[in-house]
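Right, one structure below, let's go through it.
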Amino acid sequence: MGRVRQVRWGARVIDIDLLAYGDQVLPDRAGYAHWAALAPEAQAVRAPQDLILPHPRLHERGFVLVPLMDVAPDWVHPVTGQTVRQMHAALDPAELAQIQPLTE
């Protein structure tokens, strides 16, 4: 299948995001901190060459945290120390209200 990135966050044949792997921080805490602190305008044009775990925006995204609440509400973010439940509770209720379950 291969992957040739045409545009950051553009359409692709397949997209699988790894959110986390246990309590690992990859490539290391400094690398994670760099990508987590990247300004939104820089995020739109820069992409890491290496895997960054946990996902640097995991804690900001309702569309990630809502389903994660179903499978791992007590998972602890290895950098922030917050559980999924705590990160979910910190989100804007208006954003959460827009997230709808898939129906058949």
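Only the coordinates and a few stated rules stand behind these numbers; no lab work does. On a predicted model such as this, the values are computed, not experimentally measured, just so you know. Using ideal geometry, Cβ is built from the backbone for each residue, glycine included, and neighbour counts are taken over all protein chains shown.
Placing a pseudo-label 7 Å from each Cα along the Cα-to-Cβ vector at residue 99 and residue 41 gives an inter-label distance of 2.9 nm.
Once both labels are positioned 7 Å from their Cα atoms along Cα-to-Cβ, the gap between residue 91 and residue 18 label points is 2.3 nm. Farthest toward the positive end of the dipole of the chain, out of 93, 45, 80, is the Cα of 45, where the dipole comes from beta carbon charges about the Cα centre.
Might you report the magnitude of the Cβ-based charge dipole of the chain about its Cα centre, with Lys and Arg at +1 and Asp and Glu at -1, to the nearest 20 debye? Can you show the working numbers first?
Numbers: 9 positive and 12 negative charges, 82 e Å.
Here the size comes out at about 400 debye.
If you run the Gaussian network model on the chain, springs between alpha carbon atoms under 10 Å, then out of 31, 62, 81 the most flexible one is 81.
Which of these, 23, 70, 15, has the largest mean-square fluctuation under a Gaussian network model of the chain (Cα springs below 10 Å)? Looking only at 23, 70, 15, the largest GNM fluctuation is found for 15. With the gyration tensor restricted to C-alpha atoms of the chain, the semi-axes of the equivalent ellipsoid amount to 23, 19, 14 Å, longest first.
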